[in-house]
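Comments concern the structure below.
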Amino acid sequence: MLKFLKQVGDYAKESFQAAKYIGQGLSVTFDHMRRRPVTVQYPYEKIIPSERYRGRIHFEFDKCIACEVCVRVCPINLPVVDWEFNKAQKKKQLNHYSIDFGVCIFCGNCVEYCPTNCLSMTEEYELSAYDRHELNYDNVALGRLPEKVTLDPMVTPLREFAYLPKGVMEPHDLPKGAQRAGKRPEDILEDLKQDKAAAAPVSDDKA
Amino acid sequence: MTLAEGTQLVSFGVLTLTTIVAALGVVLLENIVYSAFLLGGVFISIAGMYLLLNADFVAAAQILVYVGAVNVLILFAIMLVNKREPLAPLKNAWVRQGLTALVCLGLFALLGTVAITTSWNVLPEAPVVGDTALRLGEHFFSDFLLPFELASVLLLIAMIGAIVLARREFIPDARTGDGDPNLIFRLPERPRDPVAPEPLEPISK
Amino acid sequence: MESGIDLQSSAIQLLVDLGLPSALAKVLWLPLPMALMLVVATVGVLIAVWLERKISAAVQQRYGPEYAGPLGVLQPVADGLKLLFKEDIVPDRADPWLFTIGPAIVVIPVFLSYLIVPFGQNLVVTDLGIGAFLWISLSSVTPIGLLMSGYSSNNKYALIGGLRAAAQSISYEIPLALSVLAIVMMSNSLSTIDIVNQQADHGILGWNIWRQPVGFIIFWISALAETERLPFDLPEAEEELVAGYQTEYTGMKFALFYLGSYVNLILSALLFSVFYLGGWSFPIPVNTLAAWIGVSPDVAWVQVITAAIGITMVLVKTYALVFLAILLRWTTPRVRIDQLLNLGWKFLLPVSLANLLITAGLKLAFPVAFGG
């Protein structure tokens, strides 16, 4: 009898606990309702990609020396480098270059290893097509520069969270010239120079 | 004839027609699923009859119990045992069908004569019963107490029986006759070859 | 209780005064409340769908529909139009008859149940003597339609979904009926009007939610299960069953299921507010308020205001409950089928029986507080 009563009591306790947890969950979801929507309403608003954004790859035909390093460092040997040896100049001459962005994983290894910096990452991410073969970009397509989000009159550019001024959560309607929190790279460089200038006489004294 | 009487007459006709047609469908259709659904139709039209007889509580109970419980149970049984098996046509099937028809017709004739010969005590004006649930309760707890309690005992027995059947803790052993290859409960399992490493060849020097 | 506004008799009187015979006047009046209720139910669904989308978006920190009308209020209309114009496909080797009848059988009982939903003393289609019981018995017809559409789709997901839906709705009907029975026992009547009137005396303190603290939880859980709302949406669990019994449906037939589920949700919320939250009664009785101001509650304009307050109160309570259901949808994860049946048969059923027993005992012990 006592055991049965204990069972009943435990069961009741568990039910109350379950009810408590559901109540806690409800309070969490209720709290989320007053939070700011994080939606970027895409075709009308676009996020400004960050400096290190790894988008579609840009290629400069004239800089390329057809060394094929990009092919070797690519995880799947994706870039196609079509060259022939020009005997008169004793140089490799590039005929065609192409990257299939339907297959590319945007790891950026080719950009990293390119000896002449003829490859670079752009901020373009709108790579939709009706046919996947349209994503196979040749050297002409690779040479095009992407449209900047901030210059498109149809689009409201929105800053990413890390680029908002201190204490601001809302990327809409920022005041003009509002700077992000922390120092900008050029400020850091400036500071470094000043530090060096300040430190130089001290080191002279020691010497 | 007032409007209310006309409506009643038309609804009675429609309900009778649906009852008879659906009942015939239950008996005559080949597809057992159709029969089960039509049975629901029969129950609902009978509930409509009850409504016409001012028995709204009974009508609702009819829908709840027969359509909502019994018919759904039948459908469950049919759909869980959905075995489409072509039945071998019986020889002399007409003998059975004829016999069934004879018994049914006899029963119908019997009930018909009873219905016709009994002198029904028809009240000239239907008494207006205000709260049918109240009246039913009064009757259940006064002059119909014994049948009511007996019915509840019957239901209790049925429930206990169902629980006893369902709560059987052990399943009787499958027959050990291994000779039967068509035993359904055996999951065919590929006999595993013992994985042993190949004996290494002595490296010849 | 005061009778309040009696629209029926005044409308019939108006028609008779215009020179129509009284029988014809009654016939002309008859379809009006029914049509009105259909419109109310459908508009209620549009509002509920919009609320569902907006609140879900808010909970997930999105905007939700924005561009169809101000704040996207026309989005449900756009959805409905889209479904209306979609091609009506009957799958190959499906059973065309059962496939077509199934959705109708699901929807019709739900709409029929609106017969007993009161918005005021006389603002109800019919004040049936078996009110609450009619709702319970009609809601037991729905599983047949679900089984029918699940079976006729010729699709295993649809069949499993239909079987699950039927099993779930049968299991949860019993605690639902038992919790309603406790209410009925306290108000000595099955009629929804009487149930509200019994709670109307002391304003918010007289509502049944204080007298049935266990019952209303059981009712709400069972109602969520009956309407297949999220902790209990197993029949259409999209991760496992694609869409359950709706898998093969498109166009208007799918729209019927969609409509039916929302109409059912609103119906459950309406009946919850009638059974437990005092229906159309204001938290402070309107008569008391009128006495404070110093006007008689029988004056015509006071009665109009009373009726307006009543309708508003019913709708406010109902949509607060719909809001709770939507919030619960994004709070609780879906239960497994065995957990669902365990909860129904091993928890809710015994608890609701005990609740019924305690209510009966309290009714005998304190007939003043528990409706002697």
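The values are calculated or read from the model by the stated rules, or taken from the named source; none is laboratory data. Note that this is a predicted model, so its numbers are computed, not measured. Cβ: placed from backbone, ideal geometry, glycine included. Neighbour counts: every protein chain shown. The accessibility values were calculated without ligands, DNA or RNA, using every heavy atom of the protein model including side chains. Shrake-Rupley method; radii C 1.70, N 1.55, O 1.52, S 1.80 Å.
The A-C contact accounts for roughly 1500 square angstrom of buried accessible surface, both chains included, probe 1.4 angstrom.
Any idea what % of Cα-Cα pairs in the protein assembly as shown are farther than 38 Å? Numbers along the way, then the final one.
On the way: 183826 of 306936 pairs.
Beyond 38 Å sits 60 percent of the P(r) for the protein assembly as shown.
Electrostatic tally near C:VAL117: other residues with Cβ closer than 15 Å to its Cβ, Lys and Arg +1, Asp and Glu -1, net -1.
For segment C:246-301, which whole-number percentage of the solvent-accessible area (1.4 Å probe, protein heavy atoms only) is attributable to carbon and sulfur atoms? Can you show the working numbers first?
Working: 1530 of 2140 Å².
Here carbon and sulfur together make up 72 percent of the probe-accessible area.
Computed from protein heavy atoms with a 1.4 Å probe, the total accessible area buried between C and B is close to 2000 Å².
Residues whose amide H lies under 5 Å from that of A:LYS46, counting only those 5 or more places away or on a different chain, are A:THR156, A:LEU158; hydrogens are built 1.01 Å from N in the peptide plane. Of all the options C:LEU36, C:LEU28, C:LEU163, the one that moves most in a Gaussian network model of chain C with Cα springs shorter than 10 angstrom is C:LEU28. In whole angstrom, segment A:127-207 maps to an equivalent ellipsoid with semi-axes of 42, 24, 10, each derived as √(5λ) from the alpha carbon gyration tensor and ordered largest first.
Taking only C-alpha pairs under 8 Å that are 6+ residues apart, what is the relative contact order of chain A in percent? Each step should come with its number before you reach the end.
On the way: 215 pairs, mean separation 44.1, N = 207.
Worked out over chain A, it gives 21 percent.
In this structure chain C gives 44 Å² per residue of accessible area when probed at 1.4 Å with all protein chains present. Helix C:31-59 sits at what angle to the longest principal axis of chain C, using alpha carbons and giving 0 to 90 degrees rounded to 10? The angle comes out near 60 degrees.
Once you've got the Cα coordinates, tell me which of A:LYS63/A:LYS90; A:LYS13/C:LYS346; A:LYS46/C:LYS82; C:LYS54/C:LYS86; C:LYS26/C:LYS317; A:LYS63/A:LYS92 are over 23 Å apart. Each step should come with its number before you reach the end.
Values: A:LYS63/A:LYS90 17 Å; A:LYS13/C:LYS346 16 Å; A:LYS46/C:LYS82 29 Å; C:LYS54/C:LYS86 25 Å; C:LYS26/C:LYS317 33 Å; A:LYS63/A:LYS92 12 Å.
Too far apart for the 23 Å limit: A:LYS46/C:LYS82; C:LYS54/C:LYS86; C:LYS26/C:LYS317.
When the other protein chains are added to the chain by itself, burial of at least 40 square angstrom of heavy-atom accessible area (probe 1.4 Å, ligands and nucleic acids ignored) affects these residues of segment B:31-64: B:TYR34, B:PHE37, B:ASP56, B:PHE57, B:ALA60, B:ILE63, B:LEU64.
Computed from Cα positions, the angle between helix A:2-33 and the longest principal axis of chain A comes to roughly 40 degrees. For segment A:1-156, just say rounded, prolate or oblate: build the C-alpha gyration tensor, square-root its eigenvalues into a ≥ b ≥ c, call rounded for a/c under 1.5, and beyond that prolate if a/b exceeds b/c, oblate if not. In terms of gyration-tensor shape, prolate. Here the translational diffusion coefficient of segment C:83-158 follows from Stokes-Einstein with Rh set to the Kirkwood radius across Cα pairs; for 10 °C and 1.306 mPa s it amounts to 111 µm²/s.
Compute the angle between helix C:96-112 and the longest alpha-carbon principal axis of chain C, please, reported from 0 to 90 degrees and rounded to the nearest 10. Result, in degrees: 20. Excluding the sites themselves, what is the longest stretch of chain C that contains no GluC sites (Glu not before Pro) in a DSSP loop with at most 15 other C-beta atoms within 10 Å? Of all site-free stretches, the longest is C:88-372.
Give the relative contact order (percent, whole number) for segment C:170-309; include only Cα pairs under 8 Å separated by 6+ residues. All intermediate terms of the calculation are to be shown ahead of the outcome.
Working: 122 pairs, mean separation 41.6, N = 140.
Averaging sequence separation for qualifying contacts and normalising by length gives 30 percent for segment C:170-309.
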